[in-house]
C-alpha cells in the first residue's frame, strides 16, 4: 500500500517547515517596545534591545556590539534621557518597588535589574531572558519611557544601589512599538 506520493511529501515537508519556524519565532505576540542603544562619549557600544509582553513577564532580547570582551552590567534606569555625554541624565536604576539592588534571579531586586551581558572576544553580546516585576502595558512598573544602560564593568549584584557596574558605555530610551 502506497501512503504518499511526491506531492504528499512536499506538502508534509512544507507543513513541518512552517511548524518549525513557529516554534523558533518570538515567544509572544503581545505589546512590544524597543531601545536603540547608542554609545556614550568615548565609547562604541551600540545595538538594539527589544521588550515583548509575555503574560505576566516581559521577554527581553538584546543584541549589542562595540563592547569590551567579558561581562557588563545591564539595567533599566528611571529616566528616558540619554542626553548627557555620560548618560547620567538617565538617573538611577528603575526601582518603583523600593527594593535593594540584586540579582534578577532572586526575589529582591530593582525592577530595572537585568541579567548581565556577556560580550565575546569580538565585543558582541546577545541576551535572551524573561523579566518579572515589570510591564510594557502601563502601571508603576512600565518600562516605556525609561532608559536602558549598558555599563563598562560586571554587576556584582551586591553593592548598593548600583552593583558597582562602573561607567555607562551605552544608553537608549525605551519606546513603544506600533
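The values are calculated or read from the model by the stated rules, or taken from the named source; none is laboratory data. All figures in this text were calculated on a predicted structure; none of them were measured in a lab. Neighbour counts are summed over all protein chains in view; Cβ atoms, including those assigned to glycine, are modelled from backbone coordinates with ideal geometry.
Summary table
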read-out: Pick from segment 45-78, criterion part of a loop (DSSP other than H, G, I, E, B) and touching a strand residue (DSSP E or B) at 6+ places or on another chain (Cβ under 6 Å), ranking: farthest from residue 122 (Cα to Cα); value: 73
read-out: Residue match in segment 55-63 (condition: over 15 Å from the mean Cα position of the chain (by Cα), surrounded by fewer than 19 Cβ atoms within 10 Å (Cβ to Cβ), in contact (Cβ under 8 Å) with a residue 24 or more places away in the chain and within 21 Å of residue 32 (Cβ to Cβ)); value: yes
read-out: Residue in segment 137-150 that is out of contact with any strand residue (DSSP E or B) (no Cβ under 6 Å at 6 or more places or on another chain), crowded, with 16+ Cβ neighbours inside 10 Å and under 20 Å from residue 88 (Cβ atoms) present; value: no
read-out: Out of 89, 133, sole residue that is at pLDDT 95 or above, surrounded by fewer than 24 Cβ atoms within 10 Å (Cβ to Cβ) and more than 13 Å from the chain's Cα centre (by Cα); value: 89
read-out: Answer from 103, 122 - the residue that is assigned to a loop (DSSP other than H, G, I, E, B), surrounded by fewer than 18 Cβ atoms within 10 Å (Cβ to Cβ), at negative phi and at pLDDT below 95; value: 103
read-out: Count of segment 34-53 residues which are more than 21 Å from residue 116 (Cβ to Cβ) and surrounded by 15 or more Cβ atoms within 10 Å (Cβ to Cβ); value: 1
